[in-house]
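Taken together, the values in this text are just the output of simple stated rules run on the coordinates, not laboratory data. These numbers come from a predicted model, not from an experiment. In this analysis, Cβ positions are derived from the backbone assuming ideal geometry, glycine residues included, and neighbour counts consider all displayed protein chains.
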Amino acid sequence: MRLRDWTVALIITILTLTGIMSITQRFKHIEKQQRELDQKIETLLTNEDIDPLLQEIQELKSEIEILKTQLKKNTEALSNRGSERARIMKVTAYDLSYKSCKKYPEHPEYGITASGKRVQEWHTVAAGPELPFGTKLYIPYFKDYPNKGIFTVEDRGSAITNGCLDIYMANYEDCMEFGVKYLEVYVIDEGGL
């Protein structure tokens, strides 16, 4: 072999070794990063805060299951109620606008019902004197709403007479859209506040 061939072979060998060393260094760097990540993950998994959170999540899951069961039983009980307690009532809706309640937000009784409670959407209903305050009503029309159709009589109104209900809604447009309906209403519990 000539000197030139030896030189070329030597240069190729040096470049190859340099490339292998560079790749080896990269692998070592990647392995180091992987070990650091593994340590961080292990630290997170052994963190003392995780066990109480997992226990709390499990307790919440259990409570949700209990509530689901109770809700199912209550819904079935409501569905099975006899028609002797059902009645058709004229149902309207009101909000806190001046047009509905004749009070401005500055008024000390603004948002306060005739029973002294604060109005709550999907809870408060105004009724005539035939239904005492605290009476629980089930209106199947609203069964898919947040309250599952259950309202509490907490208000009266000058235009609300026996056989009429006025449901509190937070939005004037919703009230107008609802309009006047004649709906089936069940008295669940005729109690007092």
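Some observations on this one:
- Taking other C-beta atoms within 10 angstrom as a stand-in for reagent exposure, Thr152, Thr24, Thr161 fall in the order Thr24, Thr161, Thr152, fewest first.
- Beta bridge orientation in the stretch 99-193: antiparallel %, DSSP, nearest 5: 75
- Nitroxide proxy distance, nm - points 7 Å out along Cα→Cβ at Gln120 and Thr7: 9.4
- Packing-based exposure ordering (other Cβ within 10 Å, fewest first) of Phe151, Phe133, Phe27: Phe27, Phe133, Phe151
- Each of Leu131, Leu165, Leu183, Leu54 was scored by other Cβ atoms within 10 Å of its Cβ. Listed from fewest to most, they are Leu54, Leu183, Leu131, Leu165.
- Charge dipole (debye, nearest 20) of the stretch 113-161; +1 at Cβ of Lys and Arg, -1 at Cβ of Asp and Glu: 120
- Placing +1 on each Lys and Arg Cβ and -1 on each Asp and Glu Cβ, with no other charges, gives the stretch 85-189 a dipole about its Cα centre of roughly 280 debye.
- Chain lengthening between His107 and Lys90 when straightened (0.36 nm per residue, less Cα-Cα): 3.2 nm
- Within straight-line cross-link reach of Lys32, lysines at Cα separation under 30 Å, skipping those fewer than 8 residues along the same chain: Lys40
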